[in-house]
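Take a look at the structure below.
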Amino acid sequence: MPTPTREIHLVARPSGLPADGDFRTVEVDLPDPAPGEVLVRNTVLSVDPYMRGRMNDVKSYVPPYRLDAPLDGGAVGVVVASEDPALQVGDTVLHGAGWREHAVQPAKAVRKVDTDLAPASAYLGVLGMAGVTAYVGLTRIAEVREGDTVFVSGAAGAVGSVAGQLARKLGAAKVIGSAGSPEKVAWLTDELGFDAAFDYHDGSPAKLLAPHGPVDVFFDNVGGDHLEGAIFHMADHGRVAACGAIAGYNATAPVPGPRNLAMLVSKRLTLRGFIVTEHHDATDEYFRVAGPWVANGDIRHRETFVDGLDHTLEAFRALFSGDNIGKMLVRL
Ligand SMILES: NC(=O)c1ccc[n+]([C@@H]2O[C@H](COP(=O)([O-])OP(=O)(O)OC[C@H]3O[C@@H](n4cnc5c(N)ncnc54)[C@H](OP(=O)(O)O)[C@@H]3O)[C@@H](O)[C@H]2O)c1
């Protein structure tokens, strides 16, 4: 018997911040799993800034979402029917068929997760892509070293909050963060051990970062004025891990670049972008290195939950107004 279920389709390419009319919730009958497949009831969905880029019809490192088809993205759920001996009914799994209540997936496309180690939702954040991204950016891109001063933009988000704490564990002497509210700033300094943090609504990052430089490593999640501000305060031979540029994701025209790029030359800076999914071996390494720090509380994390499939778009849009502290998730 097919399972009736709901999924969210993209029906129009958004211009600017995605609008309700760009999406439709569709009821479908899921087929029973075929041999080698499992049926998963999703319990938590991830919404991520990179999904905004996939809503555009442009060639990038991941293909655009198709119109009139379900969106996808990270999800965790429980196996409710299995036609593969590797997975049992009741197993909790991580997979890529989010934005929907149920998914039929090949067993090899889902990964069983250990819920004794951490709640399932953590595998979408601190023990998932966000954590690995922070690790790759610091260790393989910016190559953080003992004694470095590290600045993290978007520091109270999923990636940024891990990046700041990891930087310290990897030897940074001083960690500075920027975020979008006093509550977030207090979380960074009072609970996560950042040495300093500022709310970028209080002035330009160039001005607010000035008392804390020079910066050896900049882990940039925001771009725009944050990148320009950081370049002003980078130390000679500083390294920038360009992780994201969320300030421009909803822009309807090309965003102007930093006006001080000539400082890349005068300060002999390295600015290097990266995509976490290219670093296939990094997940195991991250679990080995940072898993114990997450388990013993040296690396702390927070999750912001929005409830119900009908609120998935709201949760996604809230990434751009900064309503999340830590990882933004949708609980079904
Ligand atoms: N390179 C990779 O492989 C990779 C992988 C994962 C994520 N990323 C990137 O990493 C960044 C963070 O992703 P995440 O999943 O951890 O999301 P997140 O930081 O948990 O959520 C997004 C945050 O961005 C901030 N923000 C939104 N608009 C802003 C603006 N105009 N100016 C300044 N801050 C703004 C908001 O916080 P405030 O309240 O502080 O404004 C919001 O909470 C994104 O740029 C994402 O694209 C890259």
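The values are calculated or read from the model by the stated rules, or taken from the named source; none is laboratory data. If you're wondering where the values come from, they're calculated on a predicted model, not measured in any experiment. Neighbour counts run over all protein chains shown; Cβ positions are idealised from the backbone, glycine included.
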Output for segment 1-45, where each listed residue is farther than 22 Å from VAL58 by Cβ and among the polar types (S, T, N, Q): THR3, THR5, THR25, ASN42, THR43
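Take residues that are of a type in the set (Phe, Trp, Tyr) and exposed (fewer than 15 other Cβ atoms within 10 Å of the Cβ) and tell me which of the strands (runs of 3 or more DSSP E) falling wholly in segment 3-120 contain 2 or more. Break it down stepwise before answering.
Numbers: elements: 3-10, 23-30, 37-46, 75-82, 92-95, 102-106.
So the answer is none; nothing clears 2.
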Qualifying residues in segment 263-286 (those that are more than 17 Å from the chain's Cα centre (by Cα) and surrounded by 13 or more Cβ atoms within 10 Å (Cβ to Cβ)) - the one nearest to LEU127 (Cα to Cα): GLU285
Odd one out for TYR50 among (1) more than 28 Å from PRO2 (Cβ to Cβ); (2) in contact with a helix residue (DSSP H, G or I) (Cβ under 8 Å, 6 or more places away or on another chain); (3) not charged (D, E, K, R): (2)
Residue pairs meeting the criteria (Cβ under 9 Å; at least 6 apart or on separate chains; first closer than 13 Å to ASP298 by Cβ and in contact (Cβ under 8 Å) with a residue 60 or more places away in the chain, in segment 152-173; second away from the ligand (no atom under 12 Å from the Cβ) and acidic (Asp, Glu)): GLN165/ASP298; LYS169/ASP298
Flag for GLY157 being modelled with pLDDT of 95 or more and either within 14 Å of the ligand (Cβ to nearest atom) or closer than 15 Å to VAL126 by Cα (or both): yes
Pick from segment 174-190, criterion away from the ligand (no atom under 11 Å from the Cβ) and without any contact (Cβ under 8 Å) to a residue 24 or more places away in the chain, ranking: surrounded by the fewest Cβ atoms within 10 Å (Cβ to Cβ): ASP190
Cβ pairs under 7 Å, 6+ apart, first in segment 226-255 and exposed (fewer than 14 other Cβ atoms within 10 Å of the Cβ), second not hydrophobic (A, V, I, L, M, F, W, C): ASP236/LYS267; ASP236/ARG268; HIS237/ARG268; THR252/SER15; THR252/GLY16; VAL255/GLY224; VAL255/GLY248
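Inspect all residues belonging to segment 98-113 and state whether any of them is out of contact with any helix residue (DSSP H, G or I) (no Cβ under 7 Å at 6 or more places or on another chain) and within 16 Å of the ligand (Cβ to nearest atom). Steps first, answer last, please.
The first filter runs over segment 98-113 and keeps only residues out of contact with any helix residue (DSSP H, G or I) (no Cβ under 7 Å at 6 or more places or on another chain), leaving 98, 100, 102-112.
Right, trim to within 16 Å of the ligand (Cβ to nearest atom) and you get 98.
Yes: one or more hits.
From the list VAL222, VAL217, which one is away from the ligand (no atom under 13 Å from the Cβ), in contact with a helix residue (DSSP H, G or I) (Cβ under 9 Å, 6 or more places away or on another chain) and either touching a residue at least 60 places away in the same chain (Cβ under 8 Å) or of a type in the set (D, E, K, R) (or both)?
On the way: VAL222 fails: away from the ligand (no atom under 13 Å from the Cβ).
Just one listed residue meets the conditions, VAL217.
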Candidates ALA86, ALA109, ALA75, filtered to the one that is among the small types (Gly, Ala, Ser), over 21 Å from the mean Cα position of the chain (by Cα) and at pLDDT 95 or above: ALA86
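Here is a list: ARG145, ARG239, ARG168. Which entry is charged (D, E, K, R), under 27 Å from VAL289 (Cβ atoms) and within 16 Å of the ligand (Cβ to nearest atom)? Reasoning before the result, please.
Numbers: ARG145 fails: within 16 Å of the ligand (Cβ to nearest atom); ARG168 fails: within 16 Å of the ligand (Cβ to nearest atom).
Answer to the check: ARG239.
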Segment 99-127, residues that are closer than 22 Å to GLN88 by Cβ and small (Gly, Ala, Ser): ALA103, ALA107, ALA109, ALA118, ALA120, SER121, ALA122
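Within segment 123-134, restricting attention to residues that are in a helix (DSSP H, G or I) and surrounded by fewer than 24 Cβ atoms within 10 Å (Cβ to Cβ), which residue is nearest to the ligand (Cβ to nearest atom)? Outline the logic, then answer.
Taking segment 123-134 and keeping what is in a helix (DSSP H, G or I), we get 123-124, 129-134.
From what is left, the residues that are surrounded by fewer than 24 Cβ atoms within 10 Å (Cβ to Cβ) are 129, 132.
Details: MET129: 6, VAL132: 8 Å.
Ranking the qualifying residues of segment 123-134, first place goes to MET129.
To keep it simple, each residue is scored yes or no on (1) modelled with pLDDT of 95 or more; (2) within 25 Å of GLU183 (Cα to Cα); (3) of a type in the set (D, E, K, R).
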position: GLY213; (1), (2), (3): no, yes, no
position: GLY224; (1), (2), (3): yes, yes, no
position: ALA241; (1), (2), (3): yes, no, no
position: PRO254; (1), (2), (3): no, no, no
position: SER266; (1), (2), (3): yes, no, no
position: ILE299; (1), (2), (3): yes, yes, no
